[in-house]
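The values are calculated or read from the model by the stated rules, or taken from the named source; none is laboratory data. As the structure is a prediction and not an experimental result, all values here were calculated from the model. All Cβ positions, even for glycine, are placed from backbone atoms using ideal geometry, and neighbour counts span all protein chains on display. Side chains are part of the model used for accessible areas, which takes the heavy atoms of the whole protein and leaves out ligands, DNA and RNA. Shrake-Rupley method; radii C 1.70, N 1.55, O 1.52, S 1.80 Å.
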Amino acid sequence: MKNHYQKDQYHLFIALMVGNSRLHWGLFIDKTLSASGDTFHLSESIIQQLAESPTLDNWLTVISLPRNVPIIPDFPIPLIFASVVPSQTTLWQIYPYLRLITLEDVPLKGMYPTLGIDRALAVWGAGISWGFPTLVIDTGTALTFTGVDDNKCLIGGAILPGLGLQLSSLGQKTGQLPLLETSLMTTLPPRFATNTLEAIQSGVIYTLLSGIKDFIEAWWGLFPNSQIVMTGGDSKVLNNYIYQQFPDIATRLIVDNNLIFQGIGNIWKYHD
């Protein structure tokens, strides 16, 4: 693989983080993130198509990344790959220029064997980008907290259902409650609601915000000057809610949805 991508002066590769619900893509030029985007999981036939024709032109068509590359090379493009979905990992093994990133590649101390690679890459990327110690709040399908101290040692964290998953579970697992979408929610609901829809929003959102606040304050109790970085698909809506509910906390939060790619890029630059 190394012989292929070093033929081009732009040093191109694609990073892929397979999440529970979506694929997260990053295009790197000279080991700097040039573009990023998300798609749903790809079918086996499309993965096979990319494996048979692994050129950048084919990649840009499939994953709809911006075509802002100075030169579209025709040599095979390396895929730097990390995944939290074993079935997806198996599908992507057919790609001939794949480099799998595992926990062993992340230079953090004190990691436990079942730590998600997405959490490890995100907190490493946060520390590299914003400084250690750091706490990352990832607002994806699962809402996770991951903290690292100033010695780059994992302190620990927590996992709970994310905003979308909490809302959808009520709609899917009950007989009469509606299915809500986070994209339609921009302002805080009334605390004591007088209709079912807003009652669901109130219960989920205020409980979730109180939990986030509690974790943040507990972390600042340990590391008062630590950065706290929010990332993930619901980071925009949750950050907006935090501004409305806890403005003093919100002013200290950083929102960065490229943490995993910053982590991958930092790790990969040492592989030449």
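Would you mind computing, in nm to one decimal, how far apart the modelled labels at Asn151 and Val255 are, each placed 7 Å from Cα along Cα→Cβ?
Reported label-point gap for Asn151 and Val255 is 3.6 nm.
When Cα extents along the principal axes in Å is calculated directly from the model, which label among (1) 72, 43, 42; (2) 64, 41, 36; (3) 62, 45, 35 fits?
This structure yields the entry labelled (3).
Could you tell me the relative contact order of the chain? Use alpha-carbon pairs under 8 Å, at least six residues apart, and round to a whole percent.
Values: 459 pairs, mean separation 46.2, N = 272.
Relative CO of the chain lands at 17 percent.
Would you tally the net charge around Phe223, using a Cβ to Cβ cut-off of less than 11 Å, leaving Phe223 out, and scoring K and R as +1, D and E as -1? Kindly include the intermediate steps, with their values, before the conclusion.
Values: positive: none; negative: Asp149, Asp150.
So the environment of Phe223 carries a net charge of -2.
Under a point spin-label approximation (7 Å from Cα along Cα-to-Cβ), what is the Ser53-Thr39 distance to one decimal in nm?
Using points 7 Å along Cα→Cβ, the separation is 1.3 nm.
Over 10 Å intervals from 0, what percent of Cα-Cα pairs in region 69-162 sits in each interval?
That works out to 14, 39, 29, 15, 2, in percent per bin.
Compute the accessible area per residue over the chain, keeping the other protein chains in place, probe 1.4 Å, unit Å².
On the way: 12790 Å² over 272 residues.
On a per-residue basis, the chain sits at 47 Å².
I need the calculated FRET efficiency for the pair Ala218 and Thr89, taking r as the beta carbon distance and R₀ as 25 Å, to the nearest 0.05. Please report the intermediate quantities before stating the final value.
Values: r = 34 Å, r/R0 = 1.35.
According to the calculation, E is roughly 0.15.
If you find the alpha carbon centre of region 7-53 and of region 241-272, how far apart are they in angstrom?
So the two Cα centres are separated by 20 Å.
Is the shape of region 109-176 best called rounded, prolate or oblate, per the rule: a/c under 1.5 gives rounded, else a/b larger than b/c gives prolate, else oblate, with a ≥ b ≥ c the square roots of the Cα gyration tensor eigenvalues?
prolate
Determine the percent antiparallel among the DSSP beta bridges restricted to the chain, to the nearest 5. Kindly include the intermediate steps, with their values, before the conclusion.
Numbers: 28 of 45 bridges.
Of all bridge pairs located within the chain, approximately 60 percent are antiparallel.
Take the Cα of Ala158, step 7 Å along the line toward its Cβ, and report every residue of region 126-145 whose backbone nitrogen sits under 19 Å from that point.
Residues 134-145 fall inside that zone.
Divide by every residue of the chain the summed helix terms, -39500 (n - 2.57) for each DSSP H run of at least 4, and state the resulting mean residue ellipticity at 222 nm, rounded to the nearest 500 deg cm²/dmol. If you can, show how the numbers build up before the last one.
Details: 10 runs with 105 residues, N = 272.
One gets -11500 deg cm²/dmol as the mean residue ellipticity at 222 nm.
Rounded to a whole number, what % of the accessible area of the chain do carbon and sulfur atoms account for, probe 1.4 Å? The partial results should precede the final answer.
Working: 6610 of 12790 Å².
Summing carbon and sulfur atoms, their accessible area is 52 percent of the total for the chain.
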